[in-house]
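The values are calculated or read from the model by the stated rules, or taken from the named source; none is laboratory data. Fair warning: this is a prediction, and the values are worked out from it, not measured in the lab. Every residue, glycine among them, receives a Cβ derived from its backbone with ideal geometry; neighbour counts consider all protein chains shown.
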Amino acid sequence: MSEDHRSRIAALDKALAVLEAFGPAAPDLRIAEIAALTGMNRSSAQRVTHTLVRCGYLHRDEVSLALSLTYRSACIAHTFISTNHLIDLAMPELVDLSARTHLRADLWVMQGADIVNIARVPSAAHSRAMAPIGERLPALACAPGRAMLSRLPAEVLAGRIAELAEASDAVQAPGEQAACERALADAAARGYVLEAGSTVNDETTISAAVLDADGECLAAVSVSGWLGEVSEDDLVSQVVQPVLATARALSNLRIQTWSRAVSRPAEGKDALTAPEEDEDDPLFIASVARGFRVLEAFTPANSVPTLTALHRLTGLPVATVQRIVETLMACGYVEKDARHKTFRLTVKTLDMLFNFQMSNRIIKTIWPRLVQLRDHCGLRCSFCILADNDIVHLLHVQSHPHADYHTAFVGRRLPALSTSGGLAILSTLDDDRLDTVLANSAPKPITPFTITDRNTLQQAIVAAREKGYAFTDQQSIMFEVNVAAPIVEADGQVLGAMVVSAPKRDWTVARLEEEIVPRLLSYTRSMFS
C-alpha cells in the first residue's frame, strides 16, 4: 500500500461517493440503492448516510425514508464561484455577450476529459429548460472543448486527443483521430468552432478560446441557441464577431492561472455550523464530520488557506487536517499551490451544486419563472430559502451590468433580517415562530443602512405580512434596493422567496412597488397554488 493511500481517510472517501451518487437521474435514493451504487455494504451505507444527514448534506423524508441532497452543497460551491478571479472578470462580459446575441452565454474550463461550465447567462429562449452552472460535457464532443483543444501545439495535440478518447471510452480509429486533428487545425486558423444544430430544435453553439497570461488556453466562451434562418454574413457579424471580441477581451486581461482570490467582505455566517460529535451515537462517523468541517473552512474570507490556517479554523490537529486535505485532493475537490503552500477548492465542487439543482423539484419549477421575470424587468432575479437565521441564494439570473455592478452568486448566505427575501419568508411565520427567530438573532450592521433594531425589524415583517412582499434599501448590499415575495405551497408551507434587485442610482422603493411588484406577485402566488 502506498503512503498516499495510507494517508487518505476511507470513510470520507465513501461519504463523497455517496453525495456523487445523487443527480438528475437519481434525485432521491434509499439506503439499499446507495449501497448498490457505491459498492458499500448496507451497514456502511447506513452509517455514512446517517452522518451526512447529521452534517446537513442529506435530507431524509420522514414518510418514505428517501434521501436527497440539501442546500449545503450550494454553500460549498459558493466559495469556489465567488472567489474565482476568472468568473469575477468574465461575468460582465458574458452578460453583455448574451444581450448582444440574444443567446445563452457560457464560460467553460477543462477538467480531465471534460469541460465544465463555471458561469452562465441564460437567454429568454432557455427559460423553460433548467440550465445551472456545473454542467459537464466531453471535451472532444462539444464546441467549447474543441475550441480549447485547438489552441494546443501540433506536437502534443495527437497525444491529447488519444488521451481524451481513452478517458471518455470513445475509441477512435486512426482515420478518425486524423480527421479530428484536421478539424482542430481548421478551428485554430478560424479562431472559433461552430457546431450547427441538425434540426429546428437543436442548438447552434459558437465558441472561442480564452488565453491566460502565458498565452496558454485557460477557458472558452460560447453562445448557444436556435439561430433560425440566418445568412452566413449575418452569422459572422451578429454572433461570431461578438464571441471573438469577448474571448479577446478576456485574453487581454492576461489572467494568471493561480490568481489571488477575489476579496469578499464577510456576510452572514462565514462558515456553516458543524454538528457536535456525539460519542453516544453508534452510527455517527466522526472522521466524516471532521472532513466536512475542513471542506467548510474554505470560505470567501478564507479561500486559499495554508495547512496551519485550516488547523486554526477547524480546531483539529495538524496531522488530522493533513490527512483530510490529502483525501479531498485525491477525490478532486481541493488542489494545492506548491509554491505558496496554500490550498483552494476546485471546479469539482460545482458537481455537488449541479446535482442538487438538477434533482430538486422546487428549484426546477421556479427556474423558468425566474428567467421570465428577469426578461420582463431587466433586473437581477434570485430565489432564496431560509436556513437557520440566514437566507441562502439557490438560483440567480443576472441582469445587464451597471456601473455599480453586483451579482448574487448561488450559495451566498446573508442574515435573513437584513434582506428582503428573509423578511418576506419571515412574514409567513406565525407569531410564536417569529418571536423565536427574533430572540435568537443578533442583527449586525453589514452596511451603514443595515437596520439592527428588533422593534423596527418586527414592524417591517408585519408590514410585509399585510402587503405580501418586503423591501430593503441598501441594508445588505450598498447601492442596491430589493423587493421580495414569499413562495408558499397550497398547504401553507413556505418554500422560499423570489427576489428582484435593482441599482440604487436608477431605482427607488416606490418605483419597484409600482413597476415590479405586480408582476412579481403574479409569479409567486400562482406557482404552487
Output the number of the condition that residue 215 fails; it satisfies all remaining conditions of (1) more than 30 Å from residue 78 (Cβ to Cβ); (2) modelled with pLDDT of 85 or more; (3) of a type outside the set (A, V, I, L, M, F, W, C); (4) not in a loop (DSSP other than H, G, I, E, B).
(4)
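From the list 73, 68, which residue is touching a residue at least 40 places away in the same chain (Cβ under 8 Å) and part of a strand (DSSP E or B)?
Values: 73 fails: part of a strand (DSSP E or B).
Answer to the check: 68.
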Look through 462, 509 and report the one residue that is β-branched (Val, Ile, Thr) and closer than 21 Å to residue 373 by Cα.
509
Assess whether residue 157 counts as being in contact with a Ser or Thr (Cβ under 9 Å, 6 or more places away or on another chain), in contact (Cβ under 8 Å) with a residue 24 or more places away in the chain and under 18 Å from residue 112 (Cβ atoms).
yes
Test of understanding: among 417, 394, which residue is outside any loop (DSSP other than H, G, I, E, B) and in contact with a Leu (Cβ under 7 Å, 6 or more places away or on another chain)?
417
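Looking only at the range 16-44, which residues are of a type in the set (D, E, K, R) and in contact with an Asp or Glu (Cβ under 8 Å, 6 or more places away or on another chain)?
20, 28
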Yes/no for residue 88 being touching a residue at least 12 places away in the same chain (Cβ under 8 Å), of a type in the set (D, E, K, R) and not assigned by TED's automatic domain parsing to the domain that holds residue 196
yes
Counting just the residues of the range 324-364 that are in contact with a Leu (Cβ under 9 Å, 6 or more places away or on another chain), under 12 Å from residue 294 (Cβ atoms) and not hydrophobic (A, V, I, L, M, F, W, C), which one comes out surrounded by the most Cβ atoms within 10 Å (Cβ to Cβ)?
327
Return the residue satisfying two criteria in turn: it lies in the range 166-212 and is among the β-branched types (Val, Ile, Thr) and more than 25 Å from residue 244 (Cβ to Cβ), and of such residues it is modelled with the highest pLDDT.
199
If you take the residues of the range 481-491 that are over 16 Å from residue 397 (Cα atoms) and in contact (Cβ under 8 Å) with a residue 60 or more places away in the chain, which of them is surrounded by the most Cβ atoms within 10 Å (Cβ to Cβ)?
485
Could you figure out which of (1) assigned to a strand (DSSP E or B); (2) of a type in the set (A, V, I, L, M); (3) not assigned by TED's automatic domain parsing to the domain that holds residue 489 isn't true of residue 324?
(1)
What number of residues in the range 358-385 are closer than 10 Å to residue 399 by Cβ and among the small types (Gly, Ala, Ser)?
1
Of all residues in the range 65-97, which are closer than 22 Å to residue 227 by Cβ and buried (at least 24 other Cβ atoms within 10 Å of the Cβ)?
94, 97
Determine whether residue 109 is surrounded by 19 or more Cβ atoms within 10 Å (Cβ to Cβ) and out of contact with any helix residue (DSSP H, G or I) (no Cβ under 7 Å at 6 or more places or on another chain).
yes
Could you pull out the residue among 26, 35 that is surrounded by fewer than 19 Cβ atoms within 10 Å (Cβ to Cβ), aliphatic (A, V, I, L, M) and either in the same structural domain as residue 298 (by TED's automatic domain parsing) or more than 30 Å from residue 124 (Cβ to Cβ) (or both)?
26
Would you mind stating whether residue 369 is in the same structural domain as residue 296 (by TED's automatic domain parsing), of a type in the set (Lys, Arg) and not in a strand (DSSP E or B)?
no
Counting only residues that are in a strand (DSSP E or B) and either of a type in the set (Gly, Ala, Ser) or closer than 16 Å to residue 356 by Cα (or both), how many does the range 374-391 have?
5
